[in-house]
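Taking it in order: structure first as structure tokens, then the write-up.
The values are calculated or read from the model by the stated rules, or taken from the named source; none is laboratory data. Bear in mind the structure is a predicted one, so any value in this text is a computation, not a measurement. Note that each Cβ is placed from the backbone with ideal geometry, even for glycine, and that neighbours are counted across all protein chains shown. Side chains are part of the model used for accessible areas, which takes the heavy atoms of the whole protein and leaves out ligands, DNA and RNA. Shrake-Rupley method; radii C 1.70, N 1.55, O 1.52, S 1.80 Å.
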Amino acid sequence: AKAGHELFSSRAKYEHSSPWPAFTDTAHEDSVAKRQERPGALKVSCGKCGNGLGHEFLNDGPKRGQSRF
């Protein structure tokens with residue numbers, strides 16, 4: 001929000017058992033930067049300012065093969 005860079009779309013938001021908002025995809029290809037943190041999880045940061053946003057959990061989305069941000 002500080003950078004004014006759109007990260008996720010409400011169309012990609014879904015309910016998950018975690019207490020944090022969950023999304024299946026980013027708003028744009030350059031919305032976030034990703035780096036491998038451990039198997040099955042990527043560290044995610046703002047594509048504009050580099051601020052840490054959390055993780056992308058691979059194959060943990062609502063449908064088979066989808067990721068969860």
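Quick check on the range 39-54. Is at least one of its residues at pLDDT below 90 and basic (Lys, Arg)?
Yes.
Among the candidates Phe23, Phe8, single out the residue that is surrounded by 10 or more Cβ atoms within 10 Å (Cβ to Cβ), at pLDDT 90 or above and not charged (D, E, K, R). Explain how you work it out, then say what you get.
Working: Phe8 fails: at pLDDT 90 or above.
Residue meeting the stated conditions: Phe23.
Looking only at the range 43-66, filter to residues that are among the polar types (S, T, N, Q) and over 12 Å from Ala12 (Cβ atoms); which one of those is least open to solvent (accessible area, probe 1.4 Å)? I'd like the intermediate steps shown before the answer.
Here is the first cut: in the range 43-66, the residues among the polar types (S, T, N, Q) are 45, 51, 59, 66.
Going one step further and asking which of them are over 12 Å from Ala12 (Cβ atoms), we end up with 45, 51, 59.
Values: Ser45: 30, Asn51: 92, Asn59: 118 Å².
Per the criteria, the residue is Ser45.
Six or more apart or on different chains, Cβ under 8 Å: which pairs go from a residue in the range 45-56 that's touching a residue at least 40 places away in the same chain (Cβ under 8 Å) to one that's among the charged types (D, E, K, R)? Could you list them?
Between residues of the range 45-56 that are touching a residue at least 40 places away in the same chain (Cβ under 8 Å) and residues that are among the charged types (D, E, K, R), the close pairs are Gly47/Asp30; Cys49/Lys2; Asn51/Lys2.
Cβ-Cβ below 6 Å, separation at least six or inter-chain, first residue in the range 26-42 and loosely packed, with under 14 Cβ neighbours inside 10 Å, second at pLDDT below 90: which pairs?
If the second residue must be at pLDDT below 90, the pairs left are Asp30/Gly47.
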